[in-house]
Amino acid sequence: CSEIEKLIGYKPRLDYEYLTPPELWESITGYEGYYEISNFGNVRGLERKVSIPSGSRKIKSRTIKKRINNCGYWEVRLSKNGKVSTKFIHSLIANAFLPNPGNKSEVNHKNGNKSDTGRYSKNKYYVGKRSISKYSDPKTF
């Protein structure tokens, strides 16, 4: 880095900054207008109004906290119309970003790491229920 670059605060970009794709957001199926999932596995609640006995109140947009369950999978709790349900992050990513032409019912991680949301949807693939095993290999399907 030259003296001029030092004076103006030049900072070279790191290689990973070029390789990291942008974070993309899609609505979560069944929760359109309520929540969105990103290709990095982040979940956000959308700003909306909800009815309460005394009228209505505004809910601000925010990032929803995730947790790892007892089986090692990342999950998030979503609510709609007073009903709370728990969803797996890897399934939400796959439903939003991966094609499923065979209409398969389950999602596996290519690297076998359950807690790896993959940061990108390329780390997941759909499989039928019968083909899932503890150490399944995507090449065998």
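The values are calculated or read from the model by the stated rules, or taken from the named source; none is laboratory data. The shown structure was predicted, so the numbers you read here are calculated from the model rather than taken from an experiment. What goes into the accessible areas is simple: the full protein's heavy atoms, side chains included, and nothing from ligands, DNA or RNA. Shrake-Rupley method; radii C 1.70, N 1.55, O 1.52, S 1.80 Å.
Tabulated values for the structure
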item	result
For the range 100-110, 3J(HN,Hα) per residue [Karplus equation, 6.51 cos²θ - 1.76 cosθ + 1.60, θ = phi - 60°, Hz, x = Gly/Pro]	9, x, x, 6, 6, 9, 10, 10, 10, 8, 4
Carbon and sulfur %, accessible surface of the range 24-94 computed with the full protein complex present, 1.4 Å	48
Three-way shape label, the range 31-81, alpha-carbon gyration tensor, a/c 1.5	prolate
Accessible surface, 1.4 Å probe, highest first, among residues SER85, SER27	SER27, SER85
Whole-Hz couplings from phi, Karplus 6.51/-1.76/1.60, listed for the range 62-77; x for Gly and Pro	7, 7, 8, 6, 9, 8, 9, 7, 5, 8, x, 9, 6, 9, 9, 9
From phi via Karplus (6.51, -1.76, 1.60), per-residue ³J(HN,Hα) for the range 82-90 in Hz, x at Gly/Pro	x, 9, 9, 9, 9, 10, 7, 4, 5
Amide proton proximity set for ASN39, modelled H, under 5 Å, gap of 5+	LEU24
